[in-house]
Amino acid sequence: MLFNSIDFAIFFPLFFVGYWAISKNRIPRNWFILAGSYFFYANWDWRFLILIVLSSLVDFFVGRAMAKTRKKKNRRTLLGISLAVNLGMLVYFKYANFFIDSFINSFNFFGASLESFSLNVILPVGISFYTFQTLSYTIDIYRNKIEPTNDALSFFSFVAFFPQLVAGPIERASHLLPQFYETHKFNLRQFKTGLLLICFGLFKKWS
C-alpha cells in the first residue's frame, strides 16, 4: 500500500478515527496499531509478514535473555543470534541474485561455462528498515543503554508501526518504544501541523 494511493486514502482516516476512539485504553490501542500495521503491510504481500514476526520474536526473546545474564560471552552469543537472523534475511533477499550472477560471470570470464540461473528473489518492502530497527534494540541492550521490555505487544507494535515501516526513518527503541506504554490525548494543534506535513509530502511526491 503506497502512501499516495487510493487504498491508503481510505485506510488512514479509518485507522485515525479508530485509534483515537480507543486511545485511552493502552492495550486495545496497541492491538489496534499492530493489526492495522500488519494489514497495511499485508496489502502488499501477506507472505512477508512472516519475516516481520520472525524478526520481532527473535529480538524480543534475545533482549529478555540478555537481561538474565551478565556474562559477556553469553551476551555476545545472544547478540550474534540477533545479527545472524536479521542480517541473514537482509543479505539473502537483497543480494542473493547479485551473488549468483557474479559467481557465474566470474567462471564465464575464465572460460568455464556455467548455466545461468536466478532465484528470482522478491525483495520485501521495508526489510532494511524493520531489521535495522529491531537490531538497534538488541544492540542498545547489549551496550546497557536500555532495559529490555517484557511487553511483547508494545514491542511488536514498535517494530511494525506502519508510518515508518516501509519508508523509514529507522527509530531507536529508546525513543519510540516508550511511547507505546503511554496514553495520548488528541491535540488539535499537532493534528493541523501533521495534516499540513502530509499535504506537503504528497505535493512533493506528485510533483
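Which of the chymotrypsin sites (Phe, Trp or Tyr not before Pro) found in the stretch 114-205 are loop residues per DSSP with 10 or fewer other Cβ atoms within 10 Å of their Cβ? Passing both the DSSP loop test and the Cβ count: Phe117, Phe186. Maximal additional length on extending the Leu153-Ile50 stretch stands at 35.5 nm, based on 0.36 nm per residue less the C-alpha distance. Grouping the Cα pair distances of the chain into 10 Å bins from zero gives a pair-distance distribution of 8, 28, 30, 20, 10, 3, 1 percent in increasing distance order. Amide H contacts of Gly168 (H built 1.01 Å from N, in plane; Pro and chain starts excluded): no residue 5 or more places away or on another chain comes under 5 Å.
Tell me which aspartates and glutamates have Cα within less than 19 Å of Lys94's Cα, excluding those fewer than 8 residues away on the same chain? Partners found: Asp45.
With unit charges on the beta carbon (Lys/Arg positive, Asp/Glu negative), name the residue among His184, Ser5, Leu90 whose Cα is farthest towards the positive pole of the charge dipole of the chain. Highest projection toward the positive end goes to His184. Annotation: the residues Val91, Val85, sorted from fewest to most other C-beta atoms within 10 Å of their own C-beta, follow the order Val91, Val85. Its DSSP H runs of at least 4 residues, each contributing -39,500 (n - 2.57), put the calculated 222 nm mean residue ellipticity of the chain at -23000 deg cm²/dmol, to the nearest 500. A Cβ-based charge dipole, computed about the Cα centre of the chain with Lys and Arg at +1 and Asp and Glu at -1, lands at about 1020 debye.
Each value in this text was obtained by applying a stated rule to the coordinates, not by laboratory testing. What you see is a predicted model, and the numbers here were worked out from it, not measured in a lab. Glycine also receives a Cβ, built like all others from the backbone with ideal geometry; neighbour counts cover every protein chain displayed.
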